[in-house]
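Have a look at the structure below before the remarks.
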Amino acid sequence: MILKYALVGSCLAALQLLCPLPGLSQITSHGKQLISSSKADTWVATDALGRKTVMEAQGGKIRKDKFAGIFYFIWQGAHGYDKHGGGRPDEGVMQKSPSDTVSPYDISKLLAANPDSPAYGPINAFHHWGEPYFGYYLPDDEWIIRKHAQMLSDAGIDLIILDVTNAAIYIPQVTKIAQTYMAMRAEGKSTPSFAFIVNSAPERTVRRLYDSIYKKNMFPDLWFYWKGKPLLLCPPQALTAEISGFFTTRHSWAWTKDQKWYEDGKDKWPWLDHTPQNFGWHESKDKAEQISVAIAEHPISNIGRSFHDGLEPAEKQPGKGYYFAEQWKRALEVDPEFVFITGWNEWVAMRFNNGAAGNMIGKPIKKGETYFVDLYNEEFSRDAEPVKGAFHDNYYYQLVDHVRKFKGSRSIPVFKSMNSISVDGRFADWQKVQAVFLDDKGDVLHRKHPGWGRIKEYTDNTGRNDIIESKITSDKENVYFYVKTANALTAWNSPRWMNLLISVNGLNSGWEGFTFMVNRVIQSSGNTMLERSQHGWEWQKVSDIKYRSGDHELELAIPKKALGIRGGKFFIDFKWSDNSLADGNPLDWLDKGDAAPNARFAYRYIKE
C-alpha cells in the first residue's frame, strides 16, 4: 500500500553527477571520486548546535573507491502552482498564470496559524513542507543551481540523482543544470555529476532518456560512470539489448524487507530503507555495493527526523538529526562502495483526500480527510538543504561530517616556517608565505529569477568583493593575515567591509565558534579594530590594528598577545566575510556577499 501511493506524492528520481574540472585529473565523471580543488575537505565548521565537523577522517586519507550520491529534485513548478496543472509538452517549468496569487502553501506555516483547521490549498495542489532558506525557488534558477553545486561539492557529494520516477524527464531543467555545471567547470569550480532514477512506465521513460540525452551524446563529461558505463537506476523490464549494452543498471526503490522488488538484493539499490538498512550487492552477497541513508521517511509510515531506537517519539526534536545519524551509523558499519542519500531539495508534496493512505503520522485517515504521502512538516520531511526557521542549516553540516567519515579527507597541512611581514601595502613579501587557502572565484553572481506561485521574483545583489585567496603567517610577535579578491576592492568605508573572524586553539567561546573579529569597526584607511565577542553578537574592543589595502589585496598584523597566543605552537581557525552579517546571522554566509571559505566553514592554520 505504501509503495503504491508513494508514487503519487513525489517525483522521486536520482541524478548522479560527477563533473570533472578542466585540468584536474582527480575530478572526473568516469567513476572517480570528486575531490574539491579548493580542499573543502580540510575546512572546519561548527554548526548551530555546537557540533564540529570531523577532521582528517579515515586517518587523513581519501578513500578513492567510495562514492556518495544524493537524491535531487527538478520537477518543482512543472505541474502547477495554486492548483495542479497538466504541465508543458516539454515538461519544463510552467509559466505562472494571473490566477496564481495564493501559493506557495507552506504546511508548517498553515499549521502554526491554525493547527486544527489549516487553510490548505486545493486537492492535488503541491504544498511546501517549509520555506527553503533560499526561498520558494524554481529549479531553473541558475543562481540556485550554482549554489547547490557549490554546497554539494563542498560536502563531498559525487553525484546528484535526478528524480524522473513519475515518467516525466524534465529535459529543460536537466539541460539548464548541465549547461550551468559545464560553465562552472570551465571557470575552475567543482560540481557533482549526474545519473537518473526511473520507476513509472520504465520502458518508455528509459527510452526517452536514452534517445534525448545519451544517444545524442549530450553532456557526456557530466555522466556518472559505474563499473565502466554510465549509471542508470531503473526496473529490469526497461532493459533491452541496447540499453543493457550502454548502461550499468541497478533497480532502485524503497524498502527491502518482504518487498518483492528487492528479492535477494543482487543489483538492487534501495533509496530508502528502515534501520538497520539492507544493502545491494553485485559480485557477492558478502560484499556490499550500495546502501541508503535517509534523513526521514514518510508521514504515512510515521518515521520522521526524530525517529530513533525503534520509536517515533511523542516529543519531536527534528533539528537534532537522530534518524539521519542512526542511518549513517549502519552505513558506516556496512562500509559499501556507494551511499545513496535521501535527500537534498524535494520540498513539495501533493495534497490528497481519497483515503488511500490509511493513516498519517500515526493516526487513521478516512476518505475525505487530507493527507500527504512524502512530506508534511519539519518532522516529516527529507531535505538536507537549509530551511528558514526550524533547524536552519544543521543537516548540511551533519551531511558534511558523515560523508567525510565515509569517504575520508585530506590531512590539514602543518607549517613550521616563520615570516615577518611589513604591513605597507606593497605585498611582495607575501610571495614567500606557504600557508595559502583558496576560495571559489566567480561565486558572487547576482540573482534575479521568478519564485513559486505568487512570488514574482527573487533578487540578490549583495555579491561585491569576490574573495579568491587567503594567506597567514607569523613571527615571534605577530600573526599576519592577507586576502586577495578577483576584482578591485570596494572602498574601506563600504558597509560590512572585509570582516575577518578568528578562533585560537579551538576556543569555542564567543559567537558561532569565533572569538575575535577584525574590521567590524574600521577607523580609517589604515587603522581598524580587533574586537572580542562578549556574549554572542556583542563585541568589545581589544586593540587597534594597522592594515593596508591595494587594488585587489589587503594585509594586517595582529599581536599574538592580543589573541592570547603564547609560545610557538598554536592553531587558528579563520574566515573572511564581505557584505554579510548585517544582524549577526551566520546563515548570511550562504547567500549574502562572499565568504571565504564558504558558508560556516573556516580555514585552519596549524603552526608548529
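Look at the stretch 553-574: where a residue is without any contact (Cβ under 8 Å) to a residue 60 or more places away in the chain and a partner is among the β-branched types (Val, Ile, Thr) and open to solvent by 10 Å² or more (accessible area, probe 1.4 Å), sitting 6+ places away or on another chain with Cβ atoms under 8 Å, you get Ala562/Val542.
Close contacts from the stretch 525-537, counting a first residue that is in contact (Cβ under 8 Å) with a residue 40 or more places away in the chain and under 25 Å from Ala491 (Cβ atoms) and a second that is of a type in the set (Phe, Trp, Tyr) and open to solvent by less than 30 Å² (accessible area, probe 1.4 Å), with Cβ to Cβ under 6 Å and a gap of 6+ residues or different chains, come to Trp537/Trp511. Pairs linking a residue in the stretch 267-285 that is more than 24 Å from Phe307 (Cα to Cα) to a residue that is assigned to a loop (DSSP other than H, G, I, E, B) and open to solvent by 60 Å² or more (accessible area, probe 1.4 Å), with Cβ atoms under 8 Å and 6 or more positions apart or on different chains, are Asp267/His282; Trp281/Lys287; His282/Lys227; Lys285/Asp264. Here is the figure for the stretch 531-546: residues that are open to solvent by 80 Å² or more (accessible area, probe 1.4 Å) and in a strand (DSSP E or B) total 5.
Tell me whether the stretch 154-171 contains one or more residues that are over 30 Å from Arg63 (Cα atoms), in a helix (DSSP H, G or I), modelled with pLDDT of 95 or more and open to solvent by 30 Å² or more (accessible area, probe 1.4 Å). Yes. A search for C-beta distances below 9 Å between a residue of the stretch 228-242 that is open to solvent by 60 Å² or more (accessible area, probe 1.4 Å) and any residue that is hydroxyl-bearing (Ser, Thr, Tyr) and not in a strand (DSSP E or B), counting only pairs 6+ apart in sequence or on different chains, returns Glu242/Tyr210. Scan the stretch 352-396 for residues that are surrounded by fewer than 21 Cβ atoms within 10 Å (Cβ to Cβ), in a loop (DSSP other than H, G, I, E, B) and over 27 Å from the mean Cα position of the chain (by Cα) and the total you get is 13.
Filtered by the rule that a residue be closer than 16 Å to Asp594 by Cα, open to solvent by less than 40 Å² (accessible area, probe 1.4 Å) and of a type in the set (Gly, Ala, Ser), the stretch 478-505 gives Ala486, Ser494. Against the conditions (1) assigned to a strand (DSSP E or B); (2) within 22 Å of the chain's Cα centre (by Cα), Leu556 satisfies every one except (2).
For every residue, the table says whether it meets (1) under 32 Å from the mean Cα position of the chain (by Cα); (2) open to solvent by 30 Å² or more (accessible area, probe 1.4 Å); (3) at pLDDT 95 or above.
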{"site": "Ile522", "(1), (2), (3)": "no, yes, yes"}
{"site": "Met529", "(1), (2), (3)": "no, no, yes"}
{"site": "Arg548", "(1), (2), (3)": "no, yes, yes"}
{"site": "Lys560", "(1), (2), (3)": "no, no, yes"}
{"site": "Ala582", "(1), (2), (3)": "yes, yes, no"}
{"site": "Pro597", "(1), (2), (3)": "yes, no, yes"}
{"site": "Lys607", "(1), (2), (3)": "yes, no, yes"}
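If you check Lys257, Lys268, which single one turns out to be at pLDDT 95 or above, open to solvent by 20 Å² or more (accessible area, probe 1.4 Å) and either within 27 Å of Asp383 (Cβ to Cβ) or of a type in the set (Asp, Glu) (or both)? Just one listed residue meets the conditions, Lys257.
The residues of the stretch 125-153 that are among the charged types (D, E, K, R) and part of a loop (DSSP other than H, G, I, E, B), listed by number, are Glu131, Asp140, Asp141.
The values are calculated or read from the model by the stated rules, or taken from the named source; none is laboratory data. Predicted model only: the values in this text are computed from it and were never measured. So basically every Cβ, Gly included, is an ideal-geometry build from the backbone, and we count neighbours across all protein chains shown. For the accessible areas, the whole protein counts, side chains as well, though only heavy atoms, and no ligand, DNA or RNA atoms are used. Shrake-Rupley method; radii C 1.70, N 1.55, O 1.52, S 1.80 Å.
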